[in-house]
Amino acid sequence: MKRTIIYSQFDFFYNSIFFLKFLNRLMRGGKRSVVEKIIYGLFKNLNFVEFFYKKNIFKLNYLPIFFFFEVISICRPLLSARIYKPSEKSKKGRKPTKKFIAINTKIIPISISRKKSYSIAIGWIISTIKLRSEKGLENRVRNEFKEIVLSKKSQSLEKKKRLHGLLISNRSLVHYRWSKKF
């Protein structure tokens, strides 16, 4: 009989859903134990957290999980986009051209829940971690977090800025949220 390992919904060390989601999405090829050792080792390393503590980022809390949530909250989007395509029938029952669909497609800003915004932020951070050129996963994660918190020049923050810029330019289309075709 085949045994399956059932993992809990929470992280076993920090008791967090989002940290577990971060570990699972960072995992490649089923090497969960390797990723756990690397990330837990990084967060247990006091020099990693002390660096940010000396920069007065943390004033009350010194636990690494608060640092993780600080990084995620900096990157999380406040709004999301939904695409609205009006009726695709043109005159005389013909199929619409691609030009018609592209011109009339509207991007509608919608508010999203905190859980969904954290998931999007985790995805952005992991995609930028995987694109980094440093050797070793620990160095990539450390440098990505430093860029997000200190210099604010990370690619994940650029994704957030582009999304918010797009949604701000389309904020006049909010009334489409209540359309029945949506």
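Data overview
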quantity: All positions within region 52-92 that are modelled with pLDDT under 65, surrounded by fewer than 16 Cβ atoms within 10 Å (Cβ to Cβ) and not in a loop (DSSP other than H, G, I, E, B); calculated: 53, 54, 91, 92
quantity: Which numbered condition residue 102 fails, given (1) among the aliphatic types (A, V, I, L, M); (2) over 16 Å from the mean Cα position of the chain (by Cα); (3) modelled with pLDDT of 90 or more; calculated: (3)
quantity: Pairs with Cβ under 9 Å, 6+ apart, first in region 40-51 and under 13 Å from residue 71 (Cβ atoms) and of a type outside the set (S, T, N, Q), second modelled with pLDDT of 60 or more and exposed (fewer than 12 other Cβ atoms within 10 Å of the Cβ); calculated: none
quantity: Qualifying residues in region 15-32 (those that are not hydroxyl-bearing (Ser, Thr, Tyr) and not in a helix (DSSP H, G or I)) - the one nearest to residue 113 (Cα to Cα); calculated: 15
quantity: Single residue of region 126-151 satisfying the filter (in contact (Cβ under 8 Å) with a residue 60 or more places away in the chain and within 15 Å of residue 76 (Cα to Cα)) that is surrounded by the most Cβ atoms within 10 Å (Cβ to Cβ); calculated: 148
quantity: Residue under evaluation residue 123, criteria (1) out of contact with any helix residue (DSSP H, G or I) (no Cβ under 6 Å at 6 or more places or on another chain); (2) exposed (fewer than 14 other Cβ atoms within 10 Å of the Cβ); (3) within 22 Å of residue 27 (Cβ to Cβ), criterion not met; calculated: (2)
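The values are calculated or read from the model by the stated rules, or taken from the named source; none is laboratory data. This one's a predicted model, so the numbers in the text were calculated from it and none came from an experiment. Positions of Cβ are generated from backbone atoms using ideal geometry, with glycine treated the same way; all protein chains shown enter the neighbour counts.
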